[in-house]
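**Student:** Below you'll find the structure I mean.
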Amino acid sequence: MDAAMEELWKHFKLSDEEKGIMAVESHEVTISKQEAQFSILFTLQTTKDFNKEAFKSTCSNLWRSSRGVTIKEVGQNLFLAIFGSEEHLQEIIDKSPWSFDKRLILMKRFCGDISPAKVTFTHSLFWIRIFNIPIKSMNKDVGARIAN
């Protein structure tokens, strides 16, 4: 931090009004919990700039259903998708991985109990296809072993 900014922060003080306690109504929390129940946080795996409005619009069009989907930007390259039902949410997760402009969309189920900025994206689901496997090995046990 440069010296001028540091000096300004030394003189920073909250007014009496700003020091007050703000109460959040229980119905506001209930609404947020209901939204979080069918929500995912997602990010585009990139360090480059991208058209956020086009990204949100594309995801909204791909993920829409009769019950609807709402997409909100909640941080720097961090988005929240709110689905109308558990089934719709699970369908989107099951159809992953998703991509936009040849970049992977990383997703994580959002419960609402953590700040979105603290969520880390470390895993992604992938489909794999295996060729030339012996017919006798085409069963659930071998598939589970390969998957692990």
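The values are calculated or read from the model by the stated rules, or taken from the named source; none is laboratory data. Note that the structure is predicted; figures quoted are calculated from it, not measured. Please note: Cβ atoms are built from the backbone with ideal geometry, for glycine as well, and neighbour counts cover all protein chains shown.
**Student:** When you check A117 against the structure, is it exposed (fewer than 11 other Cβ atoms within 10 Å of the Cβ), of a type in the set (A, V, I, L, M, F, W, C) and in contact (Cβ under 8 Å) with a residue 40 or more places away in the chain, yes or no? Explain how you work it out, then say what you get.
**Tutor:** Details: exposed (fewer than 11 other Cβ atoms within 10 Å of the Cβ): yes; of a type in the set (A, V, I, L, M, F, W, C): yes; in contact (Cβ under 8 Å) with a residue 40 or more places away in the chain: yes.
Answer is yes for this residue.
**Student:** Let me ask something else about it. Which condition breaks for E73 when tested against (1) assigned to a helix (DSSP H, G or I); (2) closer than 17 Å to F121 by Cβ; (3) charged (D, E, K, R)?
**Tutor:** (1)
**Student:** Here are K48, K19, K33, K13: which of them is part of a loop (DSSP other than H, G, I, E, B), of a type in the set (K, R), out of contact with any strand residue (DSSP E or B) (no Cβ under 8 Å at 6 or more places or on another chain) and modelled with pLDDT under 80? Walk me through how you get there before you give the answer.
**Tutor:** Numbers: K48 fails: modelled with pLDDT under 80; K33 fails: part of a loop (DSSP other than H, G, I, E, B); K13 fails: modelled with pLDDT under 80.
Among K48, K19, K33, K13, only K19 is part of a loop (DSSP other than H, G, I, E, B), of a type in the set (K, R), out of contact with any strand residue (DSSP E or B) (no Cβ under 8 Å at 6 or more places or on another chain) and modelled with pLDDT under 80.
**Student:** Report yes if F100 is in contact (Cβ under 8 Å) with a residue 40 or more places away in the chain, of a type in the set (F, W, Y) and surrounded by 16 or more Cβ atoms within 10 Å (Cβ to Cβ), otherwise no. Give the derivation first.
**Tutor:** On the way: in contact (Cβ under 8 Å) with a residue 40 or more places away in the chain: yes; of a type in the set (F, W, Y): yes; surrounded by 16 or more Cβ atoms within 10 Å (Cβ to Cβ): yes.
The answer is yes for F100.
**Student:** Could you list, in sequence order, all residues of segment 60-81 that are touching a residue at least 24 places away in the same chain (Cβ under 8 Å), farther than 19 Å from D94 by Cβ and touching a strand residue (DSSP E or B) at 6+ places or on another chain (Cβ under 6 Å)?
**Tutor:** V74, N77, L78, F79, L80
**Student:** Scanning segment 120-138 for residues that are among the polar types (S, T, N, Q) and surrounded by 10 or more Cβ atoms within 10 Å (Cβ to Cβ), which turns out nearest to P97 (Cα to Cα)?
**Tutor:** Looking only at segment 120-138, we keep the residues that are among the polar types (S, T, N, Q), and these are 120, 122, 124, 132, 137.
Right, trim to surrounded by 10 or more Cβ atoms within 10 Å (Cβ to Cβ) and you get 124, 137.
Values: S124: 7, S137: 26 Å.
Looking at the filtered set, the residue picked out is S124.
**Student:** Restricting to segment 53-95, name every residue that is over 24 Å from C111 (Cβ atoms), surrounded by fewer than 13 Cβ atoms within 10 Å (Cβ to Cβ) and at pLDDT 90 or above.
**Tutor:** E53, A54, S57, N61
**Student:** Kindly indicate whether F55 is touching a residue at least 24 places away in the same chain (Cβ under 8 Å) and within 21 Å of K118 (Cα to Cα).
**Tutor:** On the way: touching a residue at least 24 places away in the same chain (Cβ under 8 Å): yes; within 21 Å of K118 (Cα to Cα): no.
Criteria not met by F55.
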